[in-house]
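Since the structure comes first, as structure tokens, the remarks are kept for the end.
Values quoted throughout were computed directly from the atomic coordinates according to the rules given, and no laboratory measurement underlies them. Keep in mind that what you see is a predicted model, and the values were worked out from it rather than measured. Please note: Cβ atoms are built from the backbone with ideal geometry, for glycine as well, and neighbour counts cover all protein chains shown.
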Amino acid sequence: MRPLKIRFGFFRTGREWCAAAWTDKGLTALVLPRPSREQALRGLHEYLPPLPGKMWEQPGARVPSAVQKQTLRALSGKPFRFFVFDLSFLTPFQQRVLRATCEIPWGQVRTYGWVAQRADSPRGFRAAGQALNRNPIPILIPCHRVIASGGLLGGYGSGADWKIRLLENEGITIRRRGVKLVTAWKSSDKL
């Protein structure tokens, strides 16, 4: 695999900072709000493959306005548009899982089993969960919309508090022991 030519930058969300990384092909990573630019930068290091140290010494570029706008919409609980992602540094299975996750409509949830089925691995719900835990573009690739079977919340790479906040922003009611599904799945959707 040829090395990624990545640019990165920061933008504010109130008092906190998001970080984003992108290539000419699309968005590669997005860090949810953190208290400082340094913490947001550390988040990029966690999401991306190893990159030359010199790259991180750059001051950072201006984050494309579409990334900023759609991230802010998603954080405030408004429907957002997907755009082009560059996930070429991930395995084909991880890419299929993330593409399947993008099919989940705003304000709805699906199970890890549903995602695995859509990623052509019907028995791979645990592997799908691992791929979602490593989602480098949380919120815009809406892994928070994926729950465990039986309506239980399941995990989230950025922590349960973020998952609850994002689901509630989309109008999904959270119960103490799981998620109350407030939108019906279409009968054609297999769980």
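I want to make sure I understand the PRE zone here: with the label point 7 angstrom from the Cα of LYS69 toward its beta carbon, which residues in the stretch 24-41 have backbone N atoms less than 18 Å away? Flagged as within label range: 26-27.
Which aspartates and glutamates, if any, have their Cα less than 14 Å from the Cα of LYS5, not counting same-chain residues under 8 positions apart? In chain and number order, the partners are ASP24, ASP86.
With 0.36 nm allotted per residue and the present C-alpha distance subtracted, the TRP106-ARG126 stretch has 4.9 nm of extension available. Taking a ≥ b ≥ c as the square roots of the eigenvalues of the alpha carbon gyration tensor, the stretch 1-100 is oblate, as a/c is not under 1.5 and a/b does not beat b/c. Note on the chain: Cα Rg divided by 2.2 N^0.38 Å, N the number of residues, gives 1.01.
Helix 92-101 and the longest principal axis of the C-alpha atoms of the chain enclose an angle of approximately 60°. For the chain, the longest principal axis of the alpha carbon atoms and the long axis of helix 65-75 meet at an angle near 40°. The stretch 28-48 and the stretch 63-94 have Cα centres spaced 14 Å apart. Distance between the pseudo-spin-label points of HIS45 and ILE174 (7 Å out from Cα toward the beta carbon): 2.9 nm.
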